[in-house]
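Novice: One structure follows; several queries about it will come next.
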Amino acid sequence: MRAKARELGFDLCRVTSPAAAPEAGARLKQWLAAGRHGDMDWMAETAERRAAPRALWAEVKSLVMVAVNYGPDDDPLAVLQRRQAGAISVYARNRDYHDVVKGRLKLLASWLVAAAKPAEADVKVFVDTAPVMEKPLAEAAGLGWQGKHTNLVSRQFGSWLFLGALFTTLEFQPDALEKDHCGQCRACLDICPTRAFPAPYQLDARRCISYLTIEHQGHIAREFRAAIGNRIYGCDDCLAVCPWNKFARQAREAKLIARDDLSAPPLAELVELDDAAFRRLFAGGPIKRLGHVRFLRNVLIAIGNSGDARLAAKAEARLEHSSPLVRAAAIWALGRLTDAAAFAALARRYGPQETDEAVLAEWGEAAESSRPQPVSL
Ligand code: B12
Ligand code: SF4
Ligand code: SF4
């Protein structure tokens, strides 16, 4: 099976048993009880099934855990210095990994069912498409270990792995688990721009830029906006600094190699996309699922952090957008890019017609807060 998995493009494939990560379910429940999932209600709604593979599928006997390497070919943190460009996390710079990995898992499942004959084999495949705790199960199978940043790290591939699972009624001998190789290192904890780790191995998603820019439905709280910088979709900082990445290799799947036009797209162009152009640009990739409104919210926050006064006119053009999320982010950006007199003029012009309470509050707060000095580039 491992040879077949390799042939299908999986970089790692190992087996574990459904009961192999007994502490994971309890830790999930503690995480939920502390509210660390924020508004990802689906995490709470599926908690019972997510906590244990047999609660999801009572007949399952073995879990085949797989990983696909998506290692970047450049330094993923370099784009953070280009403040007039949007930083898109490595995993989202091309096709949606759910489609890529699930397609391969289906082929592996068909092969397994055929290879098992005359024995009857039932199989189900998941890539974050069902409530499965993929990281602790992958660790139990020996694909790597959950690092202090909570993601799976591999000695062969570093942090750049997508995970998937094949559940089956066939019984396999489980592989040995991988032990923790983090040691005294804490590079991932220290680099986090929003201090999202309350302790090593624990993440408060509500503070994580990945959550704020991808999952969070509402306004992004002011306390995180400056720290978000130019990240418009996800964040890679804690992954990128991991010393185990010195063993990382570049992705071999073309669909997972960064598209040139998504490596550092100019904010000036992104903010002007209408809904149809947004859908066209991100067709087949994960960013499309964000929707145009939240995309604009993120781009406007990045514009507010750009320090580029020339982008103020582009932000102003979004002050009359139909969504309060977009208008609020545009106000914040203008508060950072214009001087007090120009901002007051904008508030006089657009403020009186505003009816949304959160947006009205944004006008007030942006007027009061001290602004960084924008530069004309
Ligand atoms: C919800 C979710 C998120 C949330 C929450 C992340 C999180 N850490 O929980 C948000 C939106 C923030 C997120 C962000 C990202 N995600 Co995400 N996400 C998921 C999802 C759907 C569920 C994860 C989950 O179960 N969380 C609940 C918590 C409780 O589980 P946990 O992290 O395993 O928690 C463990 C530790 O806290 C530990 N623990 C707790 N206390 C203690 C104490 C001690 C002493 C110890 C040792 C351990 C320990 O035990 C817990 C159980 O194992 C999975 C897909 C899946 N179905 O598994 C993808 C997944 C984890 N995400 C993935 C990716 C790629 C990302 C990002 C890198 C994307 C990006 N570039 O922006 C970031 C990384 C941020 C980070 N540092 O985690 C990949 C990770 C692949 C890998 N190599 O591990 C996954 C597996 C998707 C996939 N199929 O490939 N994600
Ligand atoms: S993804 Fe970014 S914000 Fe989230 S925990 Fe890692 S470094 Fe912090
Ligand atoms: S950066 Fe250091 S602490 Fe974090 S996962 Fe990698 S080895 Fe572990």
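All of the numbers you see were taken from the coordinates with simple rules; none came from a lab. The shown structure was predicted, so the numbers you read here are calculated from the model rather than taken from an experiment. Glycine also receives a Cβ, built like all others from the backbone with ideal geometry; neighbour counts cover every protein chain displayed.
Novice: Please flag any cysteine in the chain that has no other cysteine's Cβ under 4.7 angstrom from its own Cβ.
Specialist: CYS13, CYS182, CYS185, CYS192, CYS208, CYS235, CYS242
Novice: For the residues TRP363, TRP42, what sequence is obtained by ranking on other C-beta atoms within 10 Å, fewest first?
Specialist: Exposure proxy ranking, most exposed first: TRP42, TRP363.
Novice: List VAL60, VAL359 from most exposed to least, where exposure is judged by having the fewest other Cβ atoms within 10 Å.
Specialist: Ordered by Cβ neighbours within 10 Å, fewest first: VAL60, VAL359.
Novice: How large, in Å, is the chain by the Kirkwood hydrodynamic radius built from its alpha-carbon pairs?
Specialist: Taking every pair of different Cα atoms in the chain, averaging 1/r and inverting gives 22.2 Å.
Novice: Less than 20 Å apart at the alpha-carbon level, and either on another chain or at least 8 residues along: which lysines does that give for LYS61?
Specialist: LYS106, LYS117, LYS124, LYS135
Novice: Taking the range 266-371 on its own, what percent of its Cα-Cα pair distances exceed 25 Å?
Specialist: Tail of the P(r) past 25 Å holds 18 percent of the pairs.
Novice: Could you work out the local net charge near ALA109, counting Lys and Arg as +1, Asp and Glu as -1, over the other residues with Cβ closer than 13 Å to its Cβ?
Specialist: Result for the neighbourhood of ALA109: +4.
Novice: Taking the Cβ of GLY229 as the centre, find all other residues whose Cβ is under 11 Å away and add up their charges (Lys, Arg: +1; Asp, Glu: -1).
Specialist: Neighbour charge sum, excluding GLY229 itself: +3.
Novice: Using r as the Cβ-Cβ distance of ASP274 and ALA344, and R0 as 22 Å, what FRET efficiency do you calculate, to the nearest 0.05?
Specialist: Given R0 = 22 Å and the Cβ-Cβ separation, E is 0.15.
Novice: Below 14 Å, Cα to Cα, which aspartates and glutamates can LYS288 reach? Residues fewer than 8 away in the same chain don't count.
Specialist: Hits, sequence-local ones excluded: ASP96, ASP99, GLU215, ASP274, ASP275.
Novice: Taking only complete DSSP H runs, can you tell me which helices of the chain stretch 27 Å or more along their own long axis by Cα positions and average at least 0.5 on the Kyte-Doolittle scale?
Specialist: 97-116
Novice: If you wrap a convex hull around the C-alpha atoms of the range 83-173 and split its volume per residue, what is the figure in Å³?
Specialist: Measuring per residue, one finds 132 Å³ for the Cα hull of the range 83-173.
Novice: Please arrange SER62, SER110 by counting, for each residue, the other beta carbons lying within 10 Å of its beta carbon, fewest first.
Specialist: Ascending Cβ contact count within 10 Å gives the list SER110, SER62.
Novice: Where Lys and Arg each count +1 and Asp and Glu each count -1, what net charge lies around LEU319 among other residues with Cβ under 15 Å from its Cβ?
Specialist: +1
Novice: What FRET efficiency do you get for ARG259 and GLN30 if R0 is 35 Å and r is their Cβ-Cβ distance, rounded to the nearest 0.05?
Specialist: Efficiency at R0 = 35 Å is approximately 0.35.
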